[in-house]
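Down below is the structure, laid out as structure tokens.
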Amino acid sequence: VSQSRYEQEEVARMVGYKHYEFWGLEDSHIPFDTRLVTRLDEAIRKYAPDVIVGPSEHDYHQDHINMALNINAALRGKDISLIAYPQNSKYLNEGYNMVVRIDLNQKRKILDLFKSQRDNWYFQIMYNRDFETFNIKQIIL
């Protein structure tokens, strides 16, 4: 967790985030469970966002899939938009409704901070793609 925290704090500094929470969840072990849904629900009440940006359920990584499920569960009954970020999926034609061209050099500077992720097979796909796909949903359930 300490390496992950360091990497995420470095990214936050690079992109200018001043206020964020680090929950200390263990990489590759994020569950879809009521404990996380409750924690997300508490954060939603605390910060009262109009929009939440989170991972896509169409991603390859189990942590991203489970966190997407947790977020969707926490959004039940709330009038909050959800932007699901990069869909690292072989099904690029499914599940997204926005493609954004990005500055590949800036993206690589950010990804270079994630030293613990470099050996993952999907890292090179992300590293060399000059666009990202997103899914914008209006959640009113």
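What to note about this one:
- Tally of residues being modelled with pLDDT of 75 or more and either surrounded by 12 or more Cβ atoms within 10 Å (Cβ to Cβ) or among the basic types (K, R) (or both) across the stretch 96-111: 6
- From the list D63, D27, the lone residue that is open to solvent by 40 Å² or more (accessible area, probe 1.4 Å), within 25 Å of I125 (Cα to Cα) and out of contact with any strand residue (DSSP E or B) (no Cβ under 8 Å at 6 or more places or on another chain) is D27.
- Per the listing R45, R13, the residue uniquely assigned to a helix (DSSP H, G or I), over 21 Å from S116 (Cα atoms) and either open to solvent by 30 Å² or more (accessible area, probe 1.4 Å) or touching a Cys at 6+ places or on another chain (Cβ under 8 Å) (or both) is R45.
- Of all residues in the stretch 74-95 being under 27 Å from A48 (Cβ atoms) and open to solvent by 20 Å² or more (accessible area, probe 1.4 Å), the one that is modelled with the lowest pLDDT: P86
- Within the stretch 48-60, the set of residues being in a loop (DSSP other than H, G, I, E, B) and open to solvent by 20 Å² or more (accessible area, probe 1.4 Å) comprises A48, P49, D50, E57, H58, Y60.
The values are calculated or read from the model by the stated rules, or taken from the named source; none is laboratory data. Source: prediction; values computed, not measured. Cβ coordinates were reconstructed from backbone atoms using ideal geometry, including for glycine residues, and neighbour counts include every protein chain displayed. In case anyone asks, the SASA skips ligands and DNA or RNA and just uses the protein heavy atoms, side chains included. Shrake-Rupley method; radii C 1.70, N 1.55, O 1.52, S 1.80 Å.
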